[in-house]
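Inspection log for the structure reproduced underneath, given as C-alpha cells.
The values are calculated or read from the model by the stated rules, or taken from the named source; none is laboratory data. Just so it is clear, the structure is predicted and the values come from calculations on it, not from any experiment. Ideal geometry is used to build each Cβ from the backbone, glycine not excepted, and the neighbour counts take in all protein chains shown. The area values use the complete protein model at the heavy-atom level, side chains included, leaving out ligands, DNA and RNA. Shrake-Rupley method; radii C 1.70, N 1.55, O 1.52, S 1.80 Å.
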Amino acid sequence: MRLDLRLIAEMIPHGAKLLDIGCGDGALIEHLTREKDADARGIEIDMDEVTKAVSSGLAVIHGDADNDLAFYPDGGFDYVVLSRTLQAVEKPREVLRQMLRIGRHAIVSFPNFGHWQMRWRLLVNGRMPDTETWNRPWYETPNIHPCTILDFMALCEIEGYVVEKWLAVDERGLKAPWKRSVRLANLFGEQALFQLRRAA
C-alpha cells in the first residue's frame, strides 16, 4: 500500500464504519476490512479503478466527491477518508464540509506544496516543480488546488474544525521531527496527514 494509506490505516480503530473517497482500486478498503474488521466502502471517479475494486469483491461505487457526497446521510460513518485527492477536487472547502457532515472524523492526506524542494525548484527554474510526490508535468496533473500545510491549517481554523492529529512525512515514510513546529513541518514535510472533527 502507498505510504499515506498505511499511515491512515494506523489511525482507524477496529470495527469502524468508513467511507474512502477517491479510493482507487480499494487497497485501503481491502486492508481495513481484512485486518481491522471495518465496515469499509468507497467512492471513486475512475471507472477502471471501480471495476478493479468491485471485481475484488469490495463495496465501491462510481461517483464524484464534488457532487455525490450530498446524497449521503448525516453521521453515516465513523471516519471519512480523502487520501491525496483534496488538491484534485473542484471545491475542496465544500468537500471537507460534506466529509464532516457524513462522518464523525475526517482523515485527509495531501502532498505539501510548501516543501522546500518545491519552493527551490520554482525559485531557481521559474517553472512548476516535478518531484517524486508531484510526479506529473503541470499540463497533465489532476491537481487544481495545491496547498501547503499552513494553508490547510488556516482553512481548518476558518471553518472551525478541530485538528485531532496531524503529521508530516517524507516519501520514505520517515515522520517529520518538526511536530512541535508547523512552520518547519511545512518546509520539510513532503506530504501531510490530518485527522479532523467538528467543534462541539
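Work out the charge dipole of the chain with +1 on the Cβ of Lys and Arg and -1 on the Cβ of Asp and Glu about the Cα centre, then indicate which of Ile29, Ser56, Ala16 is farthest towards its positive end.
Ala16
Picking from Glu190, Glu94, Glu35, which is most flexible by a Gaussian network model of the chain using Cα springs under 10 Å?
Glu35
Can you give the angle from 0 to 90° between the axis of helix 27-36 and the longest principal axis of the chain, with both taken from C-alpha atoms, to the nearest 10?
Here the helix axis deviates by roughly 60 degrees.
Please get the size of the charge dipole for the chain, origin at its Cα centre, with Cβ charges of +1 on Lys and Arg and -1 on Asp and Glu, quoted in debye to the nearest 20.
Once rounded to the nearest 20, the dipole reads 820 debye.
Out of the total accessible area of the chain (probe 1.4 Å, heavy atoms of protein only), what percent is carbon and sulfur?
52 percent
Over region 1-60, what is the relative contact order in percent, taking alpha-carbon pairs closer than 8 angstrom and at least six residues apart?
33 percent
On C-alpha positions alone, give me the angle between the axis of helix 149-159 and the longest principal axis of the chain, in degrees, nearest 10.
For helix 149-159, the angle is close to 50 degrees.
Can you give the % of DSSP beta bridges in the chain that are antiparallel, to the nearest 5?
Bridges in the chain that DSSP calls antiparallel: roughly 45 percent.
Using a probe radius of 1.4 Å on heavy atoms only, what accessible surface per residue do you get for the chain? Whole Å² is fine.
Using a 1.4 Å probe on heavy atoms only, each residue of the chain averages 52 Å².
Helix-derived [θ] at 222 nm for the chain: sum -39500 (n - 2.57) over DSSP H runs of at least 4, divide by residue count, nearest 500?
It lands at -10000 deg cm²/dmol.
Out of Leu155, Leu123, Leu18, any idea which swings most in a Gaussian network model of the chain, alpha carbons joined below 10 Å?
Most flexible of the set in this elastic network: Leu123.
Which one, Gly15, Gly42, Gly26, has the greatest fluctuation when you compute a Gaussian network model over the chain with C-alpha springs under 10 angstrom?
Gly15
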